[in-house]
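Step one of this worksheet: look at the structure below.
Just so it is clear, none of the values below were taken in a lab; they were calculated from the coordinates. What you are looking at is a predicted structure, and each value in this text was computed from that prediction instead of being measured. When we count neighbours, we look across all protein chains shown, and the Cβ atoms used for this are built from the backbone with ideal geometry, even at glycine.
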Amino acid sequence: MNIAILGAMWGDEGKGHITHHLSKDYDWVIRFNGGANAGHTIYRDGKKYVHNLLPSVDWRNQNTKAYLGAGMVIDLEKLRDEVYTLEKDFPGASKRIYVDKSAFVVLPEHKEEDKKENAHIGSTNRGIGPAYRAKISRRGIRVGDCVNSDLFGYLIQMGNCGVRFVDLLNVRDEMTRGKLLYEGAQGVLLDINHGIYPFVSCSDCTIGGIYSGGFHFAPPKRIYGVAKCYTTKVGEGPFPTEIHGEEGNDLRKRGNEYGATTGRPRRVGWLDLPALNYACKVSGITDLILTKFDILAGMENVPVCNKYEKVPTSPSDFMSAEPEYVKLPGWAKAEKGNKELTDFIRTVQKATGCYVNYISTGTESKDILPWYG
Ligand code: IMP
Ligand code: MG
């Protein structure tokens, strides 16, 4: 069964960690949106890996291939660097990387434009918005058009490592025979259509991005939304459940909430059920995966926002949201069978109408637990 792993909130929910763990059962892991603004962190045997552009494949499994789809905007220099690093850790793995020639490239001037124009929303300055703007204004450059440009050298270097630059039509039959995992980047609340505009990224972070990337021939059957058991956000814009002051600093430290891409301290807050419910409804999410339960373990009570004064039905409703909280009993340890943890998860299921299928209680694969009930 093909599945998608989407960020249900503002990114950094743990999609990379979950994708990496599940990837062994899939033939392809496909990135379909965004670019090097993403920072997907994976721990493998105690060692930390961060990918910005490469899908979060567990490269130890020889059967899983990676695809960078047409909806992405790709910084070729950065991708070359990631490929070189990958080759050091997993020699030969690059032969399993496929890049869609229809994806657009990020140019150096796009990163400069980001710095000048997008500081007020807290852009990652990876050139994402300006690259999508060039694409929409029909001035963009596709990966396949780089042959006569300065960027061609990067394609040659990656090609020498075994990376393939392809048309989706030529791999479509092979994909149809396999099992696909679509790995989203960013999150629903940063989506260009359904996120809290203008404090958004510029790509389709919902199931829409999978279709517009051309993958309608093998759509996901289940769409897993990933969220933390609390909330974080990088960049400017409304954050109804934000925690300020010492309490916020303390949670940031405990959760190690610093941006994987930019190193910026993340803003932190409590779990926001109205926002999560909104995200599930607008993005096609069918199931949930909740992460970082180890971080809140040991608290006597865990505050959760269970309603806003007005139920959010559009992105602009978040601008004036007035959150209300309940205090749920905390769990001593994040493990199966814990009553308080089970009750917390039931509260999330009830608020969203989505079952929780996995929870994460730590950074390694072994800490991802299937959840029933
Ligand atoms: P941009 O995508 O770099 O243009 O940034 C737009 C907004 O999205 C900023 O608030 C960023 O902090 C945020 N953002 C972009 N990518 C990510 C991500 O992968 N995780 C978290 N926030 C992100
Ligand atoms: Mg991230």
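In the neighborhood of T286, defined by Cβ-to-Cβ distances under 9 Å, what is the net charge if each Lys or Arg adds +1 and each Asp or Glu adds -1? Before the final figure, lay out each step's value.
Values: positive: K221, R222; negative: D287.
Around T286, the charge tally is +1.
Quick check on packing: order 32-41, 231-240, 255-264 by the mean number of other C-beta atoms within 10 Å, highest mean leading.
Working: 32-41: 26.7, 231-240: 21.2, 255-264: 15.6.
Answer by packing, highest mean first, reads 32-41, 231-240, 255-264.
Cα to Cα, under 20 Å, and not fewer than 8 places away if on the same chain: which aspartates and glutamates meet these conditions relative to K116?
Qualifying aspartates and glutamates at Cα under 20 Å: D75, E236.
Over 22 Å between C-alpha atoms is what I'm after, so list which of K292/K327; K221/K366; K78/K101 land there. Please report the intermediate quantities before stating the final value.
Details: K292/K327 18 Å; K221/K366 25 Å; K78/K101 17 Å.
Flagged as over cut-off: K221/K366.
Consider a paramagnetic label point 7 Å from the Cα of T85 along Cα→Cβ; state which residues of the range 252-268 have an amide N under 13 Å from it.
Output list for this probe position: 260-263.
What share of all Cα pairs of the chain, in percent, falls into each consecutive 10 Å distance bin?
Each 10 Å bin holds this share of Cα pairs: 5, 25, 35, 24, 9, 1, 0.
Please express the shape of the range 170-279 as an equivalent ellipsoid: the semi-axes are the square roots of 5 times the eigenvalues of the C-alpha gyration tensor, given largest first in whole angstrom. Each step should come with its number before you reach the end.
Working: eigenvalues 204, 43, 34 Å².
In descending order the semi-axes read 32, 15, 13 Å.
Could you compute the FRET efficiency for E364 and N338, with r as their C-beta to C-beta distance and R0 at 25 Å, rounded to 0.05?
On the way: r = 19 Å, r/R0 = 0.78.
After rounding to 0.05, the efficiency reads 0.80.
Relative contact order for the chain: what is it in percent, counting Cα pairs under 8 Å that are at least 6 residues apart? Kindly include the intermediate steps, with their values, before the conclusion.
Working: 851 pairs, mean separation 75.5, N = 373.
This gives 20 percent for the chain.
Mind ranking 145-151, 122-128 by how tightly packed they are, going by the mean number of other C-beta atoms within 10 angstrom, highest first? Don't skip to the end; give the middle numbers.
On the way: 145-151: 13.1, 122-128: 23.9.
Result, highest mean Cβ count within 10 Å first: 122-128, 145-151.
If one computes the Cα centroid of the range 307-340 and of the range 83-139, what distance in Å separates the two points?
Centre-to-centre distance over Cα atoms comes out at 34 Å.
Neighbour counts of other C-beta atoms within 10 Å: give me Y182, Y98 arranged from fewest to most. Please report the intermediate quantities before stating the final value.
Values: Y182 30, Y98 21.
Least to most surrounded, the residues fall as Y98, Y182.
If packing is taken as the mean number of other Cβ atoms within 10 Å per residue, what is the order of 329-338, 157-166, highest first? Please list the in-between numbers first.
Details: 329-338: 14.6, 157-166: 16.5.
Result, highest mean Cβ count within 10 Å first: 157-166, 329-338.
I need the Kirkwood Rh of the range 235-365: take the reciprocal of the average 1/r across all distinct C-alpha pairs and report it in angstrom. Could the numbers behind the result be given before it?
On the way: mean 1/r = 0.0633 Å⁻¹.
The answer is 15.8 Å.
Could you list the residues of the range 208-245 with an amide nitrogen less than 20 Å from a label point located 7 Å from the Cα of D167 in the Cα-to-C-beta direction?
Answer for this model: 212-218.
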